[in-house]
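What follows is calculated from the coordinates using simple rules that are stated; it is not laboratory data. These numbers come from a predicted model, not from an experiment. Neighbour counts run over all protein chains shown; Cβ positions are idealised from the backbone, glycine included.
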Amino acid sequence: MARYTGPRTKKARALGEAIFGFDRAFERRKTPPGQHGGGRRKQKSDYANQLREKQKAKYTYGVLEKQFRNLFEKASRKKGVTGEVLLQLLEARLDNAVFRMGIAPTRRAARQLVSHRHIVVNGILNNIPSAQLKPGDVISVRGKSKNIEVIIQHVATATAEVKKFSWLEFSADKMEGKFIEYPERDIIPEKINEQLIVELYSK
């Protein structure tokens with residue numbers, strides 16, 4: 001399973017945002033990494049800003065370059081605004097839905113649950129974190145995996161968080177949820193300027 005395995009705090013500092021979730025080390029020191037990270041930031045070029053937004057999206061959703069490029073090409077072939085469709089496709093990834101539903105505390109943990117065969121989609125075991133969900137798909141924790149203490153504890157504490165995402169439904173009692181629809185851009189909480197990504201790939 002291809003994924004970023006490098007230093008997360010350093011990457012978050014480089015991008016200026018806690019893209020991997022709450023990070024105490026990042027909160028203590030938000031300056032760019034390196035010997036001169038605390039100095040004044042130079043004015044960035046348009047290309048640098050476009051590249052930064054692409055990197056933010058890639059690391060936020062845990063997607064490597066080739067996967068991200070393929071998703072962008074898929075988004076550009078669909079009807080609608082390309083940048084918004086790209087974010088919708090990222091939100092429709094199975095690992096992201098598992099994270100959003102509160103079954104796992106982070107996207108990285110969600111990928112691990114999926115790849116370790118703990119997640120079922122429409123009654124069929126699915127161990128592909130990048131699998132694309134469609135409206136109406138039902139995601140649930142595999143029968144014998146419902147007794148795993150880590151899953152039980154996190155589902156119990158994260159139920160209120162799930163209600164923030166209107167494109168998802170989740171029942172903590174059944175450990176089962178549904179991907180209702182592709183979310184509109186204004187309700188996707190990630191701070192990403194998708195138009196800059198489109199400009200970058202359009203060159």
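Points worth noting:
- For the range 122-173, the square roots a ≥ b ≥ c of the C-alpha gyration tensor eigenvalues yield an a/c of 1.5 or more together with a/b not exceeding b/c, which makes the shape oblate.
- Mean-position separation - Cα centroids, the range 136-203 and the range 60-82, in angstrom: 19 Å
- Filter on LYS44/LYS66; LYS58/LYS163; LYS66/LYS174; LYS54/LYS164; LYS54/LYS174; LYS44/LYS164 - keep pairs with C-alpha separation over 32 Å: LYS66/LYS174; LYS54/LYS174; LYS44/LYS164
- Between the beta carbons of VAL138 and LYS66, assuming R0 = 35 Å, the FRET efficiency works out to 0.75 to the nearest 0.05.
- Applying 1/(1 + (r/R0)^6) with r as the Cβ-Cβ distance of LEU125 and ARG77 and R0 = 41 angstrom yields a FRET efficiency of 0.85.
- Neighbourhood net charge (10 Å Cβ-Cβ; Lys/Arg +1, Asp/Glu -1) for HIS118: +4
- Remark: the range 93-179 carries a charge dipole of roughly 200 debye about the Cα centre, counting +1 on each Lys and Arg Cβ and -1 on each Asp and Glu Cβ.
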